[in-house]
1. Can you tally the net charge around N328? Count Lys and Arg as +1, Asp and Glu as -1, for every other residue whose Cβ sits under 13 Å from the Cβ of N328.
2. Which of the trypsin sites (Lys or Arg not before Pro) found in segment 1-103 are in a DSSP loop and have at most 11 neighbouring Cβ atoms, other than their own, within 10 Å?
3. Classify segment 173-288 as rounded, prolate or oblate, taking a ≥ b ≥ c as the square roots of the eigenvalues of its Cα gyration tensor: rounded when a/c is under 1.5, otherwise prolate if a/b is larger than b/c and oblate if not.
4. Once you put a point 7 Å from the Cα of V83 and another 7 Å from the Cα of H141, both along the Cβ direction, what distance in nm separates them?
5. Between exposed GluC sites (Glu not before Pro) in the chain, where DSSP calls loop and at most 11 other Cβ atoms lie within 10 Å, what's the longest gap?
6. Sorted by mean Cβ packing within 10 Å, highest first, what order do the peptides 238-249, 210-221 take?
7. With the contact rule set at Cα under 8 Å and sequence spacing of 6 or more, what percent relative contact order holds for segment 1-110?
8. Compute the separation of the alpha-carbon centres of segment 354-378 and segment 6-35 and state it in Å as a whole number.
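What follows draws every value from the coordinates through simple rules; no lab data is involved. What you are looking at is a predicted structure, and each value in this text was computed from that prediction instead of being measured. Here the Cβ is made from the backbone with ideal geometry for all residues, glycine too, and neighbour counts use every protein chain on show.
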Amino acid sequence: MSKKKDKDYERLQRFSTAIEQAGVDIFISSNEVYIRYLAGNPVDYAYVIIDKNGNTYVLCSLLEFERAREITWVDGVYGYTNVRISGDNIIFAESGYEALKKFITEIFGEVKIGVDYNYENYPFIDKLYNIFHKERIIDVHKYVIKERMIKSSHELELISRAVDITINGINYAINNINENVSERDIYLDSEYYLKRKAGAEKVFDFLIVASGPNSAYPHHRPSSRKFKRGDAVILDFVSSFKGYYGDLTRTLFIGHVSAELKKIYEVVKEALETGLDRISSGVYAKDIDAIVRKVIDKYGYGKYFMHSTGHGIGIEVHEPPRLSSLDNTMLQENMVVTIEPGIYIPNLGGVRIEEDIVITKSGCMILSEKLTRDLTVL
């Protein structure tokens, strides 16, 4: 079924305005993130092109030509091949780069070309220098990433769906944890559930299931360790819907929670809720990090909070802005970020709680509010 009816004009208009502000005529990418962002779906062996008027194109191998015409919302799909065949929008070329040169020259002529250097590898950029001349290739990262941080209404719908799927996955895991199963059992069963039952398109690399002393490792890989009474268990699940991600974390306890772990949980929860109360459009990302960190410092756990407070989320799991002391971004309405404070103490365990939120003019909308953050003992 054609994707033309799903075309996100809001997103494309904002992006085309950004490249015009950058002083270029067109933007090119070979990166899957941008192909999906600008064309609506991923296409292999392809380039995506958008001009400053918002017209979008995909140039791809003939192998992907018909599929690209079916699944993308672009204004034109062109296929390249080294076999001489006739047909509309078919370019004869020995390589994708040769086809790209022919396409750009024929459709646009001598134009300034924008590229996001942060998302393209050096061989791609070097090849563009050779076929279009270096002075015509301009890095437009700071312009386009600024627009990508602000989500369209369609993007917000997709992220919300991904968050709901992720909530279902975490609830499934919670309902299946007991002392007879291992971290890896829950990881594998939850991944299957997310993809087969909950509607996830993808899960991100691995689902974090960390129990007991393993919960002190922020990025623990699920192991054969079985759950034990008194364990803290961190579940950090990431899943996508139509290319957009939800990223949530909850910490629970098996059978019993020690006094220290209970205190740590309440500190992390207070830090999170303080961040939620203070975040809004017009606040700087680094200031939210400082606000959340101050709460944890107040209770003497500052050295055990070793990562940033949060990050942007969308077509990538981790994207700007970062709620970090190093990020001077002023938060704006319709940015989507995580807030995820954590405390990790070696040989004892860790606690992390993570919410996905949409920035609003006066605060935030919590997309993950259906997933309780109350202390839970199974």
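1. Result for the local shell: +1.
2. Counting only loop positions with at most 11 other Cβ atoms within 10 Å, the trypsin sites (Lys or Arg not before Pro) in segment 1-103 are R84.
3. On the way: a/c = 2.41, a/b = 1.14, b/c = 2.11.
Since a/c reaches 1.5 but b/c is at least a/b, the shape of segment 173-288 is classed as oblate.
4. Modelled inter-label distance: 4.0 nm.
5. 111-378
6. Result, highest mean first: 238-249, 210-221.
7. Numbers: 186 pairs, mean separation 23.1, N = 110.
That works out to 21 percent.
8. Taking the Cα centre of segment 6-35 as reference, the centre of segment 354-378 is 31 Å away.
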